[in-house]
1. Keeping all protein chains in place, calculate the accessible area per residue for region 22-72 (probe 1.4 angstrom), answer in Å².
2. Please identify every one of the GluC sites (Glu not before Pro) in the chain that sits in a loop by DSSP and has no more than 16 other beta carbons within 10 Å of its own beta carbon.
3. Loop only per DSSP, at most 13 neighbouring Cβ atoms within 10 Å: give me the trypsin sites (Lys or Arg not before Pro) in the chain, ordered by residue number.
4. How much length is gained on full extension from residue 49 to residue 36, taking 0.36 nm per residue of separation minus their Cα-Cα distance?
5. What span do the alpha-carbon atoms of the chain cover on each of the three principal axes, reported in whole Å from largest to smallest?
6. Can you tell me the relative contact order of the chain? Whole percent, Cα pairs under 8 Å, sequence separation 6 or more.
7. Using a Gaussian network for the chain with springs between C-alpha atoms less than 10 Å apart, which of these wobbles most: 53, 42, 27?
8. First measure r as the distance between the Cβ atoms of residue 2 and residue 22, then evaluate 1/(1 + (r/R0)^6) with R0 = 22 Å and state the FRET efficiency to the nearest 0.05.
Amino acid sequence: SIDSRAALLKHLGNLNDVSLHKLCEHLALVREGPTQSREELLEILVAAHEKRLSQLQVINEMPLYPNEHLLW
């Protein structure tokens with residue numbers, strides 16, 4: 001599966017700058033015209049397509065009672 005950040009970066013990192021920009025344009029993530037840097041384009045693609053944690057999972061992982069980190 002390629003839903004993790006590392007896997008997406010591995011596969012998308014092989015694209016050249018022109019292909020990367022065209023892919024972002026095709027997916028309507030960026031507009032034509034001034035181009036962003038390669039790192040920005042990769043970050044946009046990864047952020048749009050990586051698997052996110054469900055809200056229920058995030059809530060279940062939170063501590064029941066506040067700890068020092070939460071208090072301060």
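1. Details: 4720 Å² over 51 residues.
On a per-residue basis, 92 Å².
2. Details: sites: 25, 32, 39, 40, 43, 50, 61, 68; in loops: 32, 50.
Passing both the DSSP loop test and the Cβ count: 32, 50.
3. Numbers: sites: 5, 10, 22, 31, 38, 51, 52; in loops: 31, 51, 52.
Sites meeting the loop and neighbour criteria: 31, 51, 52.
4. Gain on extension, residue 49 to residue 36, equals 2.8 nm.
5. Largest first, the chain extends 51, 29, 18 Å along its Cα principal axes.
6. Values: 29 pairs, mean separation 26.0, N = 72.
The normalised contact order for the chain reaches 36 percent.
7. 53
8. Working: r = 19 Å, r/R0 = 0.88.
Once rounded, the FRET efficiency stands at 0.70.
The values are calculated or read from the model by the stated rules, or taken from the named source; none is laboratory data. Small disclaimer: the values here were computed from a predicted structure and weren't measured. Virtual Cβ from ideal backbone geometry, glycine too; neighbours counted across all protein chains shown. Surface areas here come from the heavy atoms of the whole protein model, side chains and all, with no ligands, DNA or RNA. Shrake-Rupley method; radii C 1.70, N 1.55, O 1.52, S 1.80 Å.
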